[in-house]
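Okay, so here's the structure we're looking at.
Nothing in this text is a laboratory measurement; each read-out follows from the coordinates by a stated rule. All figures in this text were calculated on a predicted structure; none of them were measured in a lab. No Cβ is skipped: glycine too gets one built from the backbone with ideal geometry, and neighbour counts run over all protein chains shown.
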Amino acid sequence: MLPARCRVHRPGEFRAVTHRGVRAGRSTLVVHASRTGGPGARDGVTHPELSTASVDNSVDAVDSRPRVGFIVSKAVGNAVTRNRVKRRLRHLSRDLLGATPDHTLVVVRALPAASTSPESVPGDLADAWWSAMRKVERDRRRSADRSTSARPSGAPAGGPGTAGTRG
């Protein structure tokens with residue numbers, strides 16, 4: 001079983017990851033991933049909706065471990081089928097989560113094919129998961145390169161207009 005502290009619970013976190021994060025899709029599922037306000041966060045910005053402070057689900061504010069959430073809509077099947085798909089995804093993501101970088105949120109969205117071809121779900125999940133992790137790392141490197149190259153050499157670290165201003 002995947003512990004509650006390793007899962008995404010809040011709607012704002014789901015929304016932020018699916019809208020601002022990277023996406024990698026396969027025939028049975030789509031994996032969305034995003035870095036939280038820790039080191040290497042996308043664009044170097046801390047998103048309040050991705051913060052773990054004030055979460056009622058016993059998530060510690062200093063907890064940096066990666067977390068995963070699942071979206072299984074009614075298009076996947078009836079309640080029994082949806083719960084079976086969720087249980088399977090939770091089980092499969094447990095091992096993947098252990099090798100995922102800290103401060104990472106992952107949302108797995110099951111597509112209707114997840115219930116009709118369950119034998120392809122493990123491979124699709126692993127492929128999409130690591131593809132999303134590569135994209136998160138690529139974006140982190142790009143934003144780090146942008147932030148260091150955006151400042152002209154010799155310019156103060158505070159940005160233009162911070163040093164030598166007349167009062």
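Beta carbons within 10 angstrom, averaged per residue: use that to sort the peptides 1-13, 18-30, 97-109, highest first. Don't jump to the answer; show the numbers that get you there.
Values: 1-13: 15.2, 18-30: 18.1, 97-109: 19.6.
Result, highest mean Cβ count within 10 Å first: 97-109, 18-30, 1-13.
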Surrounding net charge for ALA75, when Lys and Arg each add one and Asp and Glu each subtract one, Cβ distance under 12 Å: +3
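First select every other residue whose beta carbon is under 11 angstrom from the beta carbon of SER27; then total the charges, Lys and Arg +1, Asp and Glu -1. Mind showing how you got there, number by number?
Details: positive: ARG26; negative: ASP124, ASP127.
Here the charged neighbours net out to -1.
Would you tally the net charge around SER115, using a Cβ to Cβ cut-off of less than 9 Å, leaving SER115 out, and scoring K and R as +1, D and E as -1? Don't jump to the answer; show the numbers that get you there.
Details: positive: ARG82, ARG84; negative: none.
Value of the local net charge: +2.
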Can you list residues whose amide H is under 5 Å from ARG26's amide H, if they're 5+ apart or on another chain and H is modeled 1.01 Å from N? VAL31
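Grab the Cα-Cα distance for ALA75 and ARG134, subtract it from 0.36 nm times how many residues apart they are, and report the gain in nm with one decimal. Could you put the intermediate results ahead of the total?
Numbers: separation 59, 0.36 × 59 = 21.24 nm, distance 2.91 nm.
Gain on stretching ALA75 to ARG134: 18.3 nm.
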Expressed in nm to one decimal, what extension gain is obtained for the pair HIS9 and ARG146 from 0.36 nm per residue of sequence separation less their Cα-Cα distance? 46.1 nm
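Computed FRET efficiency, Cβ-Cβ of ALA99 and ARG23, R0 30 Å: what is it to the nearest 0.05?
On the way: r = 20 Å, r/R0 = 0.66.
My answer for the efficiency is 0.90.
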